[in-house]
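Shown next, in structure tokens, is the structure this report addresses.
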Protein chains: 2
Amino acid sequence: MRVSKQQAAENREGVLDAAAKLFRERGFDGVGVDAVMAEAGLTHGGFYKSFASKDALVAEACTRAFRQIDDFWGGYAGRPGKGLAAAVGWYLSRRHLDSPGDGCVLAALAADAGRRGPTARAVFSVGLERWVGYLVRLLPGASEARRRDAALARIATMVGAVAIARALDDQSLADEILAAARIAVLADYAVPEGQSR
Amino acid sequence: MRVSKQQAAENREGVLDAAAKLFRERGFDGVGVDAVMAEAGLTHGGFYKSFASKDALVAEACTRAFRQIDDFWGGYAGRPGKGLAAAVGWYLSRRHLDSPGDGCVLAALAADAGRRGPTARAVFSVGLERWVGYLVRLLPGASEARRRDAALARIATMVGAVAIARALDDQSLADEILAAARIAVLADYAVPEGQSR
DNA sequence: ATTATCTATAGATCTATAGATAATGC
DNA sequence: ATTATCTATAGATCTATAGATAATGC
């Protein structure tokens, strides 16, 4: 019943992976500690040897989920121009909609995070700030301040579009809002100056 | 212990008001039937005389919450030009952030709705479509199709900005994303042609 | 007599803890 | 001997139901 120190560390990682996935799929209140442990292939009793509380798990699991944003947007942040369209294309896609457990933590859990305490909210503040940094690098524009505003607004558009599209029963309306968001996020940036609108 | 037919109808309305408020504040999974009934000043046992299930309550409470969107945006939809800035000004305000129980149902519950069944999601589809209708009337623009795209994207921006801002621990970052969304939502529309960007 | 609400409770689930178990690591 | 995990369970909470209660409405 006891495993090696390394295996125990791997198990802890597995719990975090399971939590990061399940929370995004069902929300913080929709997933119990038992479900997370079961997803990780463990029994629920051992949970509190690794984590102080469910709240601590929430914070760590979100930190982990934000790392996927780093990987994705950070990966595009080096390249200019075409990178933005490709990244936005995936973000505002049906594929992203249909895989919340592996998708953007903000689109899946921003409202849930708003109902939690300072610990989880701090993770979201730091994570958002990093995403803004990557996006600022992808957006051409005059001043740094303007690019920062543009990045913040575009993140809001993308996150809102995915969250809303998931809430809809009407698939064609969901596709419409994704398409409309794509146009708004790429307009004035991917398209040469003065060509759009 | 029994009340008049009229009083019973009023009690049912009170339960829906309580649910519409509490769900937006704590999420569907964060509020039990008992809490809703207590908020309405009733005991939980009587709940199932009025509603078939919690799911039925969720759907009806969201329908009620969407009616507030009708009142607010529908009220502005008649007037052109200046109405948009005023409506957006409230929507993207600290006051709205701080009163989720009386605020936009999409900003508070879109992600939650995405985890529910077709009944609740149908309410969101119909409610969103109505909001789009009001906003299309507020947005000048060339073709109907372009105005519809603009309305959808701007709804996504507003909903995303409020949901994200609520998730943040950092108040100044929250204010920043609200301000950035304000600029993005009003640009090219409230500002005379060619003057912005 | 009907019925809106209340009291009480069943059965499930959730967070958290206690103690047992058995393999690791000194 | 230490400790990672398991079994078992406490105490709270959640959805839903059953039966009692008492005022309405025929």
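Derivation of every value follows stated rules applied to the coordinates shown; laboratory data play no part. Computed from a prediction, not measured in an experiment: that's the story for all the values here. Backbone-built Cβ (ideal geometry, glycine too); neighbour counts: all protein chains shown.
Each copy carries B:Thr43; placing its label point 7 Å along the C-beta direction from Cα gives inter-copy distances of 4.0 nm, listed from smallest up.
Other residues within the sphere of radius under 11 Å centred on the Cβ of B:Ala20, judged by their own Cβ, net out at -2 (K and R +1, D and E -1). Near B:Lys54, within a Cβ-to-Cβ distance under 12 Å, what is the net charge of the other residues, with Lys and Arg +1 and Asp and Glu -1? That sum, taken over residues with Cβ under 12 Å, equals -3.
Dipole size of the protein assembly as shown about its Cα centre, with +1 on Lys/Arg Cβ and -1 on Asp/Glu Cβ: approximately 260 debye, rounded to the nearest 20.
Please work out the Cα center distance from segment A:127-193 to segment A:40-81, rounded to the nearest Å. After rounding, the separation between the Cα centres reads 23 Å.
Classification of the protein assembly as shown by its C-alpha gyration tensor yields an oblate form. The axis ratio a/c (a ≥ b ≥ c) is 1.5 or more, and b/c is at least a/b. Using Cβ point charges alone (K and R +1, D and E -1), the dipole size of chain A about the Cα centre works out to roughly 500 debye.
Ascending distances from the A:Lys82 label point to its copies in the other chains, with the point 7 Å along the Cα-to-beta-carbon line: 5.0 nm. Measuring max minus min along each principal axis, the C-alpha atoms of chain B give extents of 66, 37, 27 Å (largest first). Helices in chain B, meaning DSSP H runs of at least 4 residues, each add -39500 (n - 2.57). Divided by all residues, the mean residue ellipticity at 222 nm is -23500 deg cm²/dmol.
Tell me whether segment A:1-114 comes out rounded, prolate or oblate; compute the Cα gyration tensor, take square roots of the eigenvalues as a ≥ b ≥ c, and use a/c under 1.5 as the rounded threshold. Prolate shape, in that a/c is at least 1.5 and a/b is the bigger ratio.
Is there a simple number for the mean count of other chain Cβ atoms within 10 Å of the Cβ of residues in B:142-153, and what is it?
Working: counts 1, 0, 0, 0, 3, 0, 2, 8, 4, 2, 12, 12.
Counting other chains' Cβ atoms within 10 Å and averaging over B:142-153 gives 4.
Charge dipole of segment A:1-80 (Cα centre as origin; +1 on each Lys and Arg Cβ, -1 on each Asp and Glu Cβ, all else neutral): 160 debye, rounded to the nearest 20.
Averaging the sequence gap over all C-alpha pairs within less than 8 Å and six or more residues apart, then dividing by the number of residues, gives chain B a relative contact order of 22 percent.
Quick one: grab the alpha carbon gyration tensor of segment A:85-197, order the square roots of its eigenvalues as a ≥ b ≥ c, and give me rounded if a/c is under 1.5, else prolate or oblate depending on whether a/b is larger than b/c.
Details: a/c = 2.30, a/b = 1.14, b/c = 2.02.
Oblate, since a/c reaches 1.5 and b/c is not below a/b.
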